[in-house]
1. Consider residue A:227 against the criteria (1) surrounded by fewer than 22 Cβ atoms within 10 Å (Cβ to Cβ); (2) assigned to a strand (DSSP E or B): it satisfies all of them except one. Which criterion is unmet?
2. How many residues, within the stretch A:104-125, are crowded, with 16+ Cβ neighbours inside 10 Å and over 21 Å from residue A:146 (Cα atoms)?
3. Being surrounded by 23 or more Cβ atoms within 10 Å (Cβ to Cβ) and either more than 8 Å from the chain's Cα centre (by Cα) or under 13 Å from residue A:136 (Cβ atoms) (or both) is the filter here, so list the residues in the stretch A:43-53 that pass it.
4. When you scan the stretch B:113-140, how many residues do you find that are surrounded by fewer than 18 Cβ atoms within 10 Å (Cβ to Cβ) and either part of a strand (DSSP E or B) or touching a strand residue (DSSP E or B) at 6+ places or on another chain (Cβ under 8 Å) (or both)?
5. Would you pick out the residues in the stretch A:244-271 that are farther than 18 Å from residue A:85 by Cα and without any contact (Cβ under 8 Å) to a residue 24 or more places away in the chain?
6. (1) touching a helix residue (DSSP H, G or I) at 6+ places or on another chain (Cβ under 9 Å); (2) under 27 Å from residue A:86 (Cα atoms); (3) surrounded by 14 or more Cβ atoms within 10 Å (Cβ to Cβ): which one isn't true of residue A:274, the others all being true?
7. Look through A:76, A:27 and report the one residue that is closer than 30 Å to residue B:100 by Cβ and either at the interface with another protein chain (Cβ under 9 Å from one of its Cβ atoms) or modelled with pLDDT under 90 (or both).
8. Can you tell me which residues in the stretch B:84-100 are at the interface with chain A (Cβ under 7 Å from one of its Cβ atoms), under 22 Å from residue A:213 (Cβ atoms) and in a loop (DSSP other than H, G, I, E, B)?
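The values are calculated or read from the model by the stated rules, or taken from the named source; none is laboratory data. Because the structure is a prediction, the values reported are computed rather than measured. Neighbour counts run over all protein chains shown; Cβ positions are idealised from the backbone, glycine included.
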């Protein structure tokens with residue numbers, strides 16, 4: 001009985017000494033590091049690939065004024081200075097409500113369209129601690145055609161001017177040098193040109209970015225239409241993203257005239273093979289409307 | 001007899017645990033602030049990281065600070081992207097840390113409120129390059145809670161950070177300030 005108690009004391013002493021011995025060797029330098037979960041950023045350089053949405057959003061509290069400009073077609077020849085005499089423009093304002101949610105409005109010269117969209121990041125590609133292979137966003141667009149009606153056999157409803165689009169944007173960045181994006185798209189037209197056409201149009205976009213240097217990226221975008229309006233082509237665009245200090249400047253060649261989703265995906269008239277290619281550019285100017293919380297009330301920084 | 005043994009062992013446990021906490025008090029925070037300023041006359045370049053991980057041992061002054069490069073917030077989103085992708089290469093090199101000692105830790109009395117000057121010496125690892133740095137700061141103690149604040153300067157070329165605008169829009173020497181309130 002007595003010896004058992006002694007044993008007990010010894011065990012307790014040992015237990016009591018345990019934390020001491022482990023604490024005595026605290027070495028902050030040798031502490032194990034937790035794996036870092038890294039959220040992949042800059043899959044694309046800006047919020048548009050060329051005409052269509054990229055996976056990127058503008059930052060929270062940032063207002064982005066965008067001028068999208070397309071000249072006329074090369075095939076118009078010297079008389080129109082290979083298209084430079086003509087222009088199709090979309091002026092737009094985009095705003096980041098949170099870092100994952102942006103909204104935007106725009107006005108295009110084509111059909112005098114007004115458009116509004118929202119883009120929401122649903123999933124983000126991550127590496128390190130927790131791996132997730134892709135980023136996913138949803139973009140929804142509404143387009144209102146304000147051009148005056150031509151005389152038709154029936155009186156159109158006001159709602160006939162509307163069309164609605166839904167896009168799922170799935171993107172992956174393969175290292176710093178290559179990104180790929182798939183964009184399944186669904187568009188609903190309230191009215192279509194002929195009565196044998198469906199009102200809904202499905203298409204699939206594929207886009208990519210290849211880094212050429214720290215400040216120069218090659219981009220490409222192609223939309224394949226599963227449902228077609230006769231007489232129109234698939235949209236194909238290639239361009240450069242040029243990063244300057246304050247913004248990304250985009251220069252490109254495209255066979256599309258309009259810059260709203262409905263127009264360039266489903267109603268592209270130009271054919272690359274016939275030289276119906278337009279030179280175009282997107283310029284963007286950002287304004288910080290709402291500072292990040294780290295910078296509020298901090299004049300010293 | 002049995003109760004007295006229990007008592008003794010209890011006492012021993014209490015004694016040892018008291019000893020350990022006295023000898024090895026570790027102060028820690030995960031919400032310290034690290035800020036830097038690389039502004040030039042042409043452009044304001046400043047960022048803040050409010051998720052600075054820091055710990056120090058009260059009796060020997062051993063201290064560590066760690067930040068994730070992507071945790072630095074800029075006013076301008078595009079500047080933040082450029083900082084991560086073109087200058088810091090934060091996907092490859094996600095972390096920066098400082099491991100060193102508060103050399104005059106003995107001069108700080110954690111039981112007495114006040115502001116104590118402190119000196120730090122150690123190794124800063126940034127952009128995959130490790131260099132020795134020294135920093136001066138203050139340790140404020142209020143109600144047993146220490147708050148350390150310090151600053152130092154580094155040259156970007158010492159850490160192999162290169163880029164077109166360094167020396168023009170971006171100052172070649174960057175001022176770093178750290179402020180941590182410990183628990």
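1. (2) is the only condition that residue A:227 fails.
2. Residues meeting the conditions: 5.
3. A:45, A:50, A:51, A:53
4. At the first step, the residues of the stretch B:113-140 found to be surrounded by fewer than 18 Cβ atoms within 10 Å (Cβ to Cβ) are B:113-115, B:117, B:119, B:121, B:123, B:125, B:128-132, B:134, B:136, B:138, B:140.
Now restrict to residues that are either part of a strand (DSSP E or B) or touching a strand residue (DSSP E or B) at 6+ places or on another chain (Cβ under 8 Å) (or both): B:113-115, B:117, B:119, B:121, B:123, B:125, B:129-132, B:134, B:136, B:138, B:140.
Selection size over the stretch B:113-140: 16.
5. We begin by selecting, within the stretch A:244-271, every residue farther than 18 Å from residue A:85 by Cα; these are A:244-250, A:259-269, A:271.
Passing the criteria: only A:245.
6. For residue A:274, the failing item is (3).
7. Numbers: A:76 fails: closer than 30 Å to residue B:100 by Cβ.
Result of the check over A:76, A:27: A:27.
8. Once the filter is applied, which keeps residues that are at the interface with chain A (Cβ under 7 Å from one of its Cβ atoms), under 22 Å from residue A:213 (Cβ atoms) and in a loop (DSSP other than H, G, I, E, B), the stretch B:84-100 yields only B:91.
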